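A quick write-up on the structure given underneath.
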Amino acid sequence: MGNSLDTAELERQVKSMYRDVAASAEADFHFETGRDLAERLGYDPDDLDAVPDAAVDSFAGVGYYFDTLALEPGENVLDLGSGSGMDAFVAGLHVADGGSVTGVDMTDEQVEKARILAAEGGFHNVDFREGYIEDLPFDDESFDAVISNGVINLSAEKERVFEEAGRVLEPGGRLALADIVSEQRLPAGIKSDADLWAACIGGAEQIDSYASLVETAGFEVLEVRDNSQYEFVSEQAANACQAYGVKSISLSARKRA
């Protein structure tokens, strides 16, 4: 494959992996899932009690950011890479019936599962759409806040993801996310390996470059913090953590008016 990433193979692998997450949270993955992880990262147990159990069981996020977001009732929120919907449901609790939350995900099984959970759980203010975070199917300035958890590292077009987030946000809108980054730049051999991308390693952007991509897309970065509570499960990820400083961070930013 040389030093170029096969993006079609990457998409195939990521979709396959998250189909498995949607089907069974009990399977073995290279990342943790479930309630114990969510509580360790900082989620309010009362919030977790109020959202569908199956969404919590399939939670595969890498950090917590709702404390930096301060969602208000009536706001409209977009969740990038919403998976089975746990973060979208938590956001739905905060914006209440007068607000709305829309999740977008490229894996149809995840979208279908999240829609069923929303209907069964009575989350009438939460909806899910199939789509790509690099090409959002929404109008300009449609949302007050954009959230994402453990997803953007999987995209080979991160600059496009942040540009799209900025496009759909109102002026002054907020971006809050958790993601996997690296302290050192990863070598080309790792950056071009679809297997390592799907394992949340190969797509880890160097942290200063990551923050620069956010700022270039029209945001002011307000806070970046390490998520030391997040633990890598696979040997590959643990080795990358030691060699290149691969880690989880939470980041908050505001779209420039």
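The values are calculated or read from the model by the stated rules, or taken from the named source; none is laboratory data. It should be emphasised that the depicted structure is a prediction, and the values quoted were computed from it without experimental measurement. Cβ sites come from the backbone with ideal geometry, for glycine too, and all protein chains shown count toward neighbours. Note: accessible area is taken over every heavy atom of the protein model, side chains too, but ligands, DNA and RNA are not part of it. Shrake-Rupley method; radii C 1.70, N 1.55, O 1.52, S 1.80 Å.
Given the rule -39500 (n - 2.57) for each run of at least 4 DSSP H residues, summed and divided by the residues of the chain, what is its mean residue ellipticity at 222 nm, to the nearest 500 deg cm²/dmol?
Helix contribution divided over all residues of the chain: -11000 deg cm²/dmol.
With the Cα gyration tensor of the stretch 72-171 giving a ≥ b ≥ c as the square roots of its eigenvalues, does the rule (a/c under 1.5 for rounded; else a/b larger than b/c for prolate; else oblate) give rounded, prolate or oblate?
oblate
How large is ³J(HN,Hα), in whole Hz, for each residue of the stretch 47-54 in order, when computed from phi with the Karplus curve 6.51 cos²θ - 1.76 cosθ + 1.60 and θ = phi - 60°, using x for Gly and Pro?
After applying 6.51 cos²θ - 1.76 cosθ + 1.60, I find 5, 5, 5, 8, 9, x, 4, 5 Hz.
By the gyration tensor of its Cα atoms, with a ≥ b ≥ c the square roots of the eigenvalues, what is the shape of the stretch 109-257: rounded for a/c under 1.5, prolate for a/b over b/c, or oblate?
oblate
What does the charge count around T7 come to, taking other residues whose C-beta lies under 11 Å from its C-beta (Lys +1, Arg +1, Asp -1, Glu -1)?
Once positives and negatives cancel, what remains is -4.
Gap in Å between the Cα centre of the stretch 27-86 and the Cα centre of the stretch 167-230?
Cα centroid of the stretch 167-230 versus Cα centroid of the stretch 27-86: 19 Å apart.
Report the one residue of C200, L37, Q184 whose Cα lies farthest in the direction of the positive end of the charge dipole of the chain (charges on C-beta: Lys and Arg +1, Asp and Glu -1; origin at the Cα centre).
The one lying farthest along the dipole's positive direction is Q184.
Report, in debye and to the nearest 20, how large the dipole of the stretch 144-196 comes out about its Cα centre when Lys and Arg carry +1 and Asp and Glu carry -1 on their Cβ.
Roughly 80 debye, rounded to the nearest 20.
Could you compute the net charge surrounding S228? Neighbours are other residues with a C-beta less than 14 Å from the C-beta of S228; K and R count +1, D and E count -1.
Residues close to S228 contribute a combined charge of 0.
Taking the full set of protein chains and a 1.4 angstrom probe, give the accessible area of R129 in square angstrom, rounded to the nearest 10.
90 Å²
Note down the nm distance, to one decimal, between modelled labels 7 Å out along Cα→Cβ at S228 and at F138.
So the two model labels end up 3.4 nm from each other.
Determine which residues of the stretch 215-257 fall in the zone a paramagnetic label at D67 would reach in this model, i.e. backbone nitrogen under 18 Å from the point 7 Å along Cα→Cβ.
222-231, 248-253
For D49 and T7 in one chain, what is 0.36 nm times their gap in residues minus the Cα-Cα distance, to one decimal in nm?
11.3 nm
If I take the Cα coordinates of the chain and project them onto the principal axes, what are the three extents in Å, biggest first?
50, 43, 32
In nm, to one decimal, how far is the D97 label point from the R40 one, both placed 7 Å along Cα→Cβ?
3.8 nm
Of the residues G150, G121, G173, which exhibits the maximal mean-square fluctuation in a Gaussian network model of the chain defined by a 10 Å Cα contact cut-off?
Residue with maximal mean-square fluctuation among G150, G121, G173: G121.
Can you give me the accessible area per residue for the chain, using a 1.4 Å probe, in Å²?
That works out to 42 Å² per residue.
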